[in-house]
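Asker: Please find one structure pasted underneath; my questions will follow.
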Amino acid sequence: MAVSFTSENLSHHETAFGLYGISGYTGGYGFGGYTGVHGLAAIFAYAEEIMKSRVAIAVFVIILLSVPLDMAAQARFITFDAPGDLATTPLSINPAGAITGYFLDANFTEHGFLRERHGTIITFDVQGAVATLPFSINPAGVIAGWYADTNFVAHGFLRERHGIITFDATRNVNTFPSSINPEGTITGEYIDANFVSHGFLREHLGTIITFDAPGVGPGGGPNSEGTHASSINPAGAITGSYDDANNVSHAFLREPDGKFTTFEAPGAGTSPFFGTFAASINPAGSIAGYYSDGSQVGIQVVYHGFLREPDGKITTFDVPGAVAVFTSSINPAGVIVGYGADTNEVAHGFLRRPDGSITTFDAPGAGTSPFDGTYPFSINPAGVITGPAEVSGITPNIPHGFLRIPCERDDERECEHPEDGGNNCSCDPNVR
């Protein structure tokens with residue numbers, strides 16, 4: 001039978017919790033997807049860390065990280081919460097501006113939500129689930145994610161207009177979809193009885209193909225955690241990361257015909273649990289990710305961002321003042337979003353344009369205590385960004401949803417709804 005996640009079998013993963021990037025065509029473009037969490041406490045810590053692009057280390061290290069601020073470009077923000085929630089975590093936004101993610105209720109149970117273009121929020125659960133976590137939304141509004149049953153076994157789901165379809169990558173496993181493309185093809189990973197991850201592709205008619213990246217370690221204990229698929233683009237190309245026999249991470253690109261290309265960012269570390277992590281792939285085949293060179297600032301591990309172009313050229317980058325940089329999503333224009341943390345352990349959002357220029361930002365209400373901050377997870381073709389803004393609380397931090405809307409996209413209909421608030425829709429450069 002499938003392995004359920006309990007505090008007894010989480011091993012070192014139980015130390016990882018919180019939010020991590022998801023991406024995709026990145027999701028809706030985002031967190032793992034056309035796109036890529038505060039889980040059920042320790043039970044879902046591991047499940048959450050693997051989603052979006054092998055962010056196991058990112059999640060652990062975000063507790064130690066942060067980034068600087070450049071307030072040059074104008075933008076307006078809309079903040080929102082799901083009805084009746086304790087904490088709202090948006091993960092993916094599609095071209096129309098529809099957002100999906102999950103929220104935590106007063107009983108610390110995760111439920112899914114869909115925020116429509118003009119602010120209406122619809123909540124939903126998979127029937128019989130004790131937790132529902134959507135991760136990616138495509139242009140048609142179809143949502144992919146995973147849910148936990150009463151035995152705390154994870155299964156995939158697809159939410160369409162006429163209802164919800166559930167599925168497993170194969171029998172007797174835990175299934176974690178991360179990204180869905182415009183055709184409705186889904187990628188993600190599943191975990192076998194030995195706690196080794198494998199990639200999967202679910203075609204829009206339901207056929208499932210499983211795969212492992214070449215060079216992946218044998219699995220089990222310290223001998224690699226497997227293959228982690230994070231994002232799929234419209235053509236069906238998939239990116240993600242895999243662990244070799246020494247638990248060093250490497251990035252991969254799986255072409256629609258199944259051909260693999262593996263790669264590393266220049267200078268990526270070769271120690272266990274470090275290396276190169278691919279987060280998101282756009283329609284052109286450009287891949288955004290991050291890597292560690294093995295260095296530290298004090299006790300903080302240093303991470304850098306990278307862009308891999310379709311011809312294989314890799315450009316690395318840092319956000320000024322950041323100890324670590326984690327990319328989450330890349331849109332069709334090649335704009336990359338992500339987050340990092342400053343020396344005070346406060347996270348800040350950033351966007352990197354194709355010319356290499358970087359803007360950093362904080363969402364309204366984002367906390368300034370350690371582990372608080374702004375976590376952009378997804379960007380759509382119009383440049384609208386979504387994610388959670390965290391403030392200190394009992395979970396240990398409480399996220400609220402935000403949208404960052406470029407002022408040149410001057411659609412005042414975004415300001416028609418009372419929950420948006422007048423100031424949050426301002427293009428005053430001092431209201432960000």
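What follows draws every value from the coordinates through simple rules; no lab data is involved. Computed from a prediction, not measured in an experiment: that's the story for all the values here. Because the Cβ atoms are built from the backbone with ideal geometry, glycine has one as well, and the counts that use them run over all protein chains shown.
Asker: Lys/Arg Cβ at +1, Asp/Glu Cβ at -1, dipole of segment 210-359 taken about the Cα centre: which of Leu307, Thr262, His228 is farthest positive-ward?
Answerer: Leu307
Asker: Among the trypsin sites (Lys or Arg not before Pro) in segment 284-358, which ones are in a DSSP loop with at most 10 other Cβ atoms within 10 Å of the Cβ? Mind listing them?
Answerer: Within segment 284-358, the qualifying trypsin sites (Lys or Arg not before Pro) (loop, at most 10 other Cβ atoms within 10 Å) are Lys313.
Asker: A further question follows. Which shape class applies to segment 96-186: rounded if a/c is under 1.5, otherwise prolate when a/b exceeds b/c and oblate if not, where a ≥ b ≥ c are the square roots of the Cα gyration tensor eigenvalues?
Answerer: oblate
Asker: For segment 138-200, what does the alpha-carbon gyration tensor say about shape, rounded, prolate or oblate, given a ≥ b ≥ c as the root eigenvalues, a/c under 1.5 as rounded, and a/b over b/c as prolate?
Answerer: In terms of gyration-tensor shape, oblate.
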